[in-house]
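Here the structure is laid out as structure tokens; the discussion comes afterwards.
The values are calculated or read from the model by the stated rules, or taken from the named source; none is laboratory data. Values in this document were obtained by computation on a predicted structure and should not be read as measured data. We place every Cβ from the backbone using ideal geometry, glycine too, and count neighbours over all the protein chains shown.
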Amino acid sequence: MPDSAVKYVPRSDETDLVARLKQGDESAFRLIVETRKDLVYNTALGLLQNAGDAEDITQEVFIKVYESVHQFKGESAFSTWLYRIAVTKSLEMIRNRKRKKRFAFITGLFGESNELRHDPPDFVHPGVQLDNREKASVLFKAIEKLPENQRIAFTLHKVEGVPYQEISEIMKITVSAVESLIHRAKANLRKWLEDFYLNEM
Amino acid sequence: MDAKKDISLLTDQVLNSLDGIQRAETQPFFYTRLKARMEGGELNEWNKWMSILSRPVVSLGILLVFLMINGYIIFSKMEAEKEVSMASSDYAAMQVSYLDNNPELP
């Protein structure tokens, strides 16, 4: 039976599921993974823009859930907790990448040959409609240039469709702060895109 | 003027290109791969400790503590040696020769 055959669990059953997981019930863990893996994967993919890395982070998120479910007090929704772990893990990977890039640059100065030779290919999100793929690819390139907080808020809202209220809970900021982040993200993206197309002409 | 208008229009289209996006899905048999990773030693205690120890902050911290202990041992040893030599010199000063006390003896 393929993994994806498990059906969606209503949110009301979440508390019971988490309680069972805290008692070490493996079927509860499986149900949590099966019903929420795409939520975690899509979030990680939006931030990391790489399918392999997103799968890796999705696995790490569920390992973390398994190890530290006792720390989940139920003060926020379980999905909010999952989003928070997914965002934190994805950011750790982005920072690691940057560190490696810097290290490769420094060792490159001393003649070592482990420098990244070429940039990764343009990212295409598999969920984007066919006629929008090329434009979305440019947009993802621009999203990469955004400051961290703007990038998180914009990606959660635009790629994962998370409402402002839940983003505020994930990021532990006010709803108006989320609105401001997304407004600034759009302004920055517009500026970057206009410069990009001006240079292309 | 037209070029600027075109760019502005294109930018709007790009900014709206994520409208109607569908959620990306993991490859089939994700749970099987996850379980294999969990059982294959990713949660192994040894690996966990090694990953903590290999962090630069942790390893540099351990090195610093090691150097501090080393320094403390060397310093306290030097202090002890100093005390011993002072005590022995005091003792040496107390050893008065018999002749010193009896200068009239031949």
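Could you say which residue among B:GLN27, B:GLN22 is at pLDDT 85 or above, touching a Gly at 6+ places or on another chain (Cβ under 7 Å) and at the interface with chain A (Cβ under 9 Å from one of its Cβ atoms)?
Only one candidate passes the filter, namely B:GLN22.
When you look at A:LEU21, is it under 10 Å from the mean Cα position of the chain (by Cα) and buried (at least 17 other Cβ atoms within 10 Å of the Cβ), yes or no? Considered against the rule, which asks whether it is under 10 Å from the mean Cα position of the chain (by Cα) and buried (at least 17 other Cβ atoms within 10 Å of the Cβ), A:LEU21 comes out as no.
Checking each residue in region B:1-43 for being among the hydrophobic types (A, V, I, L, M, F, W, C) and surrounded by 15 or more Cβ atoms within 10 Å (Cβ to Cβ) picks out B:ILE7, B:LEU10, B:VAL14, B:LEU15, B:LEU18, B:ILE21, B:ALA24, B:PHE30, B:LEU34, B:MET38. Close Cβ contacts (under 6 Å, 6 or more residues apart or on different chains) running from residues in region A:177-201 that are among the small types (Gly, Ala, Ser) to residues that are crowded, with 18+ Cβ neighbours inside 10 Å and not in a helix (DSSP H, G or I) comprise A:ALA185/A:LEU146. Evaluation of A:PRO121 against the conditions (1) assigned to a loop (DSSP other than H, G, I, E, B); (2) more than 14 Å from chain B (Cβ to nearest Cβ); (3) at pLDDT 95 or above shows that the sole unmet condition is (3).
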